[in-house]
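Novice: My structure is below; once you've seen it, I'll send some questions.
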Amino acid sequence: MYKSGKNRLFISVVLGVILLIGGGAFITFSSSSSKYQIVIFSVILLLAVGTVIVTVFAMKRTEKRISSLPDDYKTAYIDAGEAVGTSPLKGSDKKEVMEMILEIFSHAAFADRSVDEVTGNDMKNFIEGFIDAAGGRSSGLYYFLYGTMTMFLYMIILKVYLFLKAGGIDFSLAETRTMNLLIIIFFACVSFIVLPWLMILIRKAASEQWTGLKRMMIVLPVAVPLILIALLVAAADSAFIQKIDIPVPMLSTPLSFAGAVIIIVVCGVLMRYTRRSLYHRHS
């Protein structure tokens, strides 16, 4: 239910196409591409394709579940599901909210009422009202914690990749398995800017029922890392890039690895706390 939605499908398809074109160009024209880089690109592309497939099947399941509703209610329910799905609500609360919305829509459709009558001709406030009532308010702190958690998760995955690329996890050689500062900056950009921005835009697009060219706005967050990569490639030989293109001995000990895991867990707990705090403050 929460992995479906026209906007999520749209951005997944766009991202998959961008990855396919960009990765193909890199493999074709780069003289330094290695089998490891090709494997990483292939995994990312498969994840993008997998997201499209999961989204399509989720939409099919949702459409089957609401098959008895009129078309306008189906559209409204799918949009509501996408908006609720990208909210900070926990899974059980999302399920409860969507069950309430489905019950309201079912009774309204049986009574021959239109969607506009039910939502007061304001789909956004209708959906956001349910999200707020269930404690789904978000804040800058919430997205900062989300970005921090995502950032450290990326760093762990990257470090494990560097270890495996060198033949196995051996912390005695950790100082030589360093991460590049530019890569860290890139992942920070994705974690703290791109992903929160994308979540906010998809929720907004669903609740306001964006269509046509306006829906293209949800592609904007994806453009940020692509532009950053293009600038870095174009300025690869510049003195500035060479100055900051330095190795960083991050997560080089078992203790630092454990610390990163603890930070991820703490961020997850604090995200739930900030959500509850906002709910009690506005209730």
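Please treat every number below as a calculation from the coordinates, not as lab data. This is a predicted model, so every value here is computed, not measured. As a convention, Cβ positions derive from the backbone with ideal geometry for all residues, glycine included, and neighbour counts pool all protein chains shown.
Novice: Ordered by packing density, taken as the mean number of other Cβ atoms within 10 Å over each peptide's residues, highest first, how do 68-74, 197-203 rank?
Specialist: Output ranking for 68-74, 197-203: 197-203, 68-74.
Novice: Can you pick out the pairs among LYS90/LYS159; LYS95/LYS159; LYS124/LYS214; LYS64/LYS214; LYS60/LYS90 whose Cα atoms lie more than 25 Å from each other?
Specialist: Details: LYS90/LYS159 30 Å; LYS95/LYS159 36 Å; LYS124/LYS214 16 Å; LYS64/LYS214 28 Å; LYS60/LYS90 23 Å.
Violating the 25 Å Cα-Cα cut-off are LYS90/LYS159; LYS95/LYS159; LYS64/LYS214.
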